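This report refers to the structure that appears directly beneath it.
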Amino acid sequence: MWFRFLSFLGIQLGAGVLGWEWLGYPGALAGVVLAGAAWMLLDAVRGLRVMHWLRTGEASQAPHMQGWWGEITDRTRRWLRQTQQKMQDAETRLQEFLAAIQASPNGVVLLDAQGRIEWCNDIAAEHFGFDAQRDLQQQIGNLVRDPAFAAYYADPDTARGTVMLGRGGSASRPLRLSVHLHPYGEGRKLLLSRDVTAVEQAEAMRRDFVANVSHEIRTPLTVMSGFVETMQSLPLDEGQRERYLGFMAQQAERMQTLVSDLLTLSSIEGSPMPSSSAWIVLHDLMAQCAREAEALSGMVTAGQAKSHVLRFGPMPEGMVAGASSELLSAMSNLVSNAVRYTPAGGRIEVRWQPLPDGRAEFSVKDTGPGIAAEHISRLTERFYRVDPSRSRETGGTGLGLAIVKHVVQRHGAELQIDSTVGQGSRFAIVFPANRLRLEAQPAYAK
């Protein structure tokens, strides 16, 4: 400030001295006035340059000046650069925040005070079926017309939320969404959506599983309780006692088999993934399956004129990587199912065959009653039976193929099922090449 004042006085004084030397007193007065006007005009021009820069320019385009206006320009330029850097940092943080929301597995929608969409991530667009760009500023109620959502939006319960049908599902697997509204800011709302289809299906499977287990155990317990009560209350001869005890032993064995299968399934699901470096001799697995099949066939066809025609072969030479107990359980389940459901005199063929692409196939083919096409996709569900009464008569628990499915998945293999009603069925496990060490095998023939 003092510099400006002294420079103004200095210019006037200099101009006055020059005017005095040239024209005397009138010249001195004129020099002072003209010098002051020139100084003010020059200062106004510099001020206008600064104003023009502040209105239209950027920090990098600041005019270079000295003095008062130069200091104002420098300070303003530094302030602008700091402000721009803060804005860039804020924009970067905002973009990172939005990217994080985009990466969220849940849907996020920001609504203004009037219920218009201000922003949403791609998951929310998929859940609710609207376009993340085109539908901005649209009323959420006009785009999501589900009655459950409409009722919840009209009277939201932030603690409870609601469940509604989402877009993108199918008739066989509808998409179920859990939706929550949370107020924030001045009248704005945060709408969160989460796909709970798998959770609800798992809960339904859990309920069905508990109900099925309860039913499967209750039936033999009821039978056994009835026989025990009968034996306690009625005088029975030796033949009747033996007969009732036989029925009770049969039901006890059924429960024991069910518990054993449940423990096997639980053990498979809760254990670590099978190692790819633990090698099992294929000949031993096939030989064990053959022994169990022959023993079971003898029990099933006991007292009948014909027995099963069992064919195992050719016996493989090589090894497979995995868990020995799990593979034996899966292969034995397929063989025992074929034995149980094939009538006496029927044919059962068990083969191990290499495939042209380096994989190998363990297959069990029978001449049993076959399975209708509508049942095949559900055979590996727990406790699912094509014919429940026949399954219980043959000693099945409804868990065998569920065990097979889990073992196959854990070993990176594939379960194939082909069946024709009246002609028989063929179950096959196709093992990947990276789990096999095979020696020379007969040519593949299905």
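The values are calculated or read from the model by the stated rules, or taken from the named source; none is laboratory data. Because the structure is a prediction, the values reported are computed rather than measured. Glycine also receives a Cβ, built like all others from the backbone with ideal geometry; neighbour counts cover every protein chain displayed. For the accessible areas, the whole protein counts, side chains as well, though only heavy atoms, and no ligand, DNA or RNA atoms are used. Shrake-Rupley method; radii C 1.70, N 1.55, O 1.52, S 1.80 Å.
Going through the stretch 94-145 one residue at a time, which ones are in a helix (DSSP H, G or I) and in contact (Cβ under 8 Å) with a residue 40 or more places away in the chain?
Applying the first criterion (in a helix (DSSP H, G or I)) to the stretch 94-145 yields 94-103, 122-128, 140-143.
Result: I123, A124, E126, H127, F128, I140.
Looking only at the stretch 168-197, filter to residues that are open to solvent by 90 Å² or more (accessible area, probe 1.4 Å) and more than 19 Å from C120 (Cα to Cα); which one of those is modelled with the highest pLDDT? Among those residues, the one meeting the criterion is R173. Looking at the stretch 365-373, is at least one residue part of a strand (DSSP E or B) and at pLDDT 85 or above? Checked against the condition, which is being part of a strand (DSSP E or B) and at pLDDT 85 or above, the stretch 365-373 yields at least one hit. Scanning the stretch 309-340 for residues that are acidic (D, E) and surrounded by fewer than 19 Cβ atoms within 10 Å (Cβ to Cβ) returns a single hit, E317.
Only a single criterion out of (1) closer than 30 Å to A124 by Cα; (2) in contact (Cβ under 8 Å) with a residue 40 or more places away in the chain; (3) surrounded by 13 or more Cβ atoms within 10 Å (Cβ to Cβ); (4) not hydroxyl-bearing (S, T, Y) is not satisfied by E200, namely (2).
The set of residues in the stretch 341-364 being assigned to a strand (DSSP E or B), farther than 16 Å from V281 by Cα and open to solvent by 30 Å² or more (accessible area, probe 1.4 Å) consists of R347, E349. Scanning the stretch 146-167 for residues that are open to solvent by 40 Å² or more (accessible area, probe 1.4 Å), part of a strand (DSSP E or B) and at pLDDT 85 or above yields a single hit, V163.
So that you can scan it fast, the table gives a plain yes or no per residue for (1) modelled with pLDDT under 80; (2) surrounded by fewer than 14 Cβ atoms within 10 Å (Cβ to Cβ); (3) part of a helix (DSSP H, G or I):
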{"position": "E216", "(1), (2), (3)": "yes, no, yes"}
{"position": "R243", "(1), (2), (3)": "no, yes, yes"}
{"position": "M248", "(1), (2), (3)": "no, no, yes"}
{"position": "D284", "(1), (2), (3)": "no, yes, yes"}
{"position": "S307", "(1), (2), (3)": "no, no, no"}
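Entry remark, the stretch 372-386: residues being charged (D, E, K, R) and either touching a Lys or Arg at 6+ places or on another chain (Cβ under 7 Å) or over 15 Å from L265 (Cα atoms) (or both) number 3 in total.
Go through the residues of the stretch 31-47 one by one and say whether even a single one is at pLDDT 65 or above and either under 27 Å from Q85 (Cα atoms) or under 60 Å from the mean Cα position of the chain (by Cα) (or both). Yes, there is a match, as at least one residue in the stretch 31-47 is at pLDDT 65 or above and either under 27 Å from Q85 (Cα atoms) or under 60 Å from the mean Cα position of the chain (by Cα) (or both).
Among the residues of the stretch 296-305, those identified as assigned to a helix (DSSP H, G or I) and either loosely packed, with under 12 Cβ neighbours inside 10 Å or in contact with a strand residue (DSSP E or B) (Cβ under 7 Å, 6 or more places away or on another chain) (or both) are S297, M299.
For the stretch 353-366, the criterion of being over 16 Å from I429 (Cβ atoms) and either among the hydroxyl-bearing types (S, T, Y) or over 39 Å from the mean Cα position of the chain (by Cα) (or both) is met by none of the residues. Is there a residue in the stretch 388-405 that is open to solvent by 40 Å² or more (accessible area, probe 1.4 Å) and farther than 30 Å from A252 by Cα? There is no residue in the stretch 388-405 that is open to solvent by 40 Å² or more (accessible area, probe 1.4 Å) and farther than 30 Å from A252 by Cα. Can you confirm whether the stretch 116-137 contains a residue that is surrounded by fewer than 16 Cβ atoms within 10 Å (Cβ to Cβ), in contact with a Phe, Trp or Tyr (Cβ under 8 Å, 6 or more places away or on another chain) and of a type outside the set (V, I, T)? Yes: one or more hits. The requirement of being in contact with a helix residue (DSSP H, G or I) (Cβ under 9 Å, 6 or more places away or on another chain), closer than 23 Å to N333 by Cα and surrounded by 11 or more Cβ atoms within 10 Å (Cβ to Cβ) is not satisfied by S260.
For the stretch 377-402, filtering for residues that are at pLDDT below 85, not in a loop (DSSP other than H, G, I, E, B) and not hydroxyl-bearing (S, T, Y) leaves 5. Of all the numbered requirements in (1) on the phi > 0 side of the Ramachandran plot; (2) surrounded by fewer than 19 Cβ atoms within 10 Å (Cβ to Cβ); (3) at pLDDT 90 or above, G422 misses one, and that requirement is (3).
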